[in-house]
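Worksheet for the structure shown next.
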Amino acid sequence: MPAQTPPKAIFPTPQDAEAAFYDAIERADLEALMTVWAEDEEIVYISPGGPRMIGYASVRDAWRRIFESGQRLVVTLSQPVILQGMLVSVHSLCEQIGLRDGEAGQTAPLVATNVYVRGALGWRLLLHHASPAPPESQNEIPKTLH
């Protein structure tokens with residue numbers, strides 16, 4: 001009898017998918033992380049200071065290399081701005097990335113955009129773009145539109 005693939009997780013909200021994404025990063029769990037991504041050849045991952053990876057295989061390989069480094073990451077999220085529609089949700093937030101066993105204060109401030117799409121299996125990550133945060137963005141950002 002052939003082995004059956006375990007059922008894919010269903011994320012009822014984009015916030016559920018986001019929580020699973022960051023949890024998988026902290027656990028360095030590649031399979032759980034890739035469960036969050038949409039099964040689409042046009043998924044996109046842009047790492048801080050790195051190239052743009054497009055497609056499931058490229059995104060998976062990039063995260064595999066990160067996790068194989070042996071460094072366990074701790075991610076603290078702040079200042080979320082969420083724009084949500086029926087089928088798409090765009091999240092802009094600040095990430096503080098630190099090492100689990102690193103020295104206190106050794107964190108990298110990043111700004112990130114996560115785009116989620118809703119499909120038959122709930123919400124999935126379509127795009128994650130993280131960039132180094134400019135120094136002025138590390139303070140509370142006023143909510144003023146120009």
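A few comments on the model shown:
- Among residues other than Thr13 with Cβ under 14 Å from its Cβ, the summed charge is 0 (Lys and Arg +1, Asp and Glu -1).
- Using R0 = 25 Å, the C-beta based FRET efficiency linking Thr107 and Ile54 works out to 0.30.
- Cα→Cβ-extended label distance, 7 Å offset, between Leu83 and Leu30, nm: 3.5 nm
- The residues neighbouring Val90, those whose beta-carbon lies less than 15 Å from its own, together hold a net charge of +1 under the Lys/Arg +1, Asp/Glu -1 convention.
- For Leu121, the shell of other residues with beta-carbons less than 14 Å away shows a net charge of 0, using +1 for Lys and Arg and -1 for Asp and Glu.
- Efficiency of FRET between Leu121 and Glu68 - r from beta-carbon atoms, R0 41 angstrom, step 0.05: 0.90
Laboratory data are not the source of any read-out in this text; all were calculated from the coordinates shown. What you are looking at is a predicted structure, and each value in this text was computed from that prediction instead of being measured. As a convention, Cβ positions derive from the backbone with ideal geometry for all residues, glycine included, and neighbour counts pool all protein chains shown.
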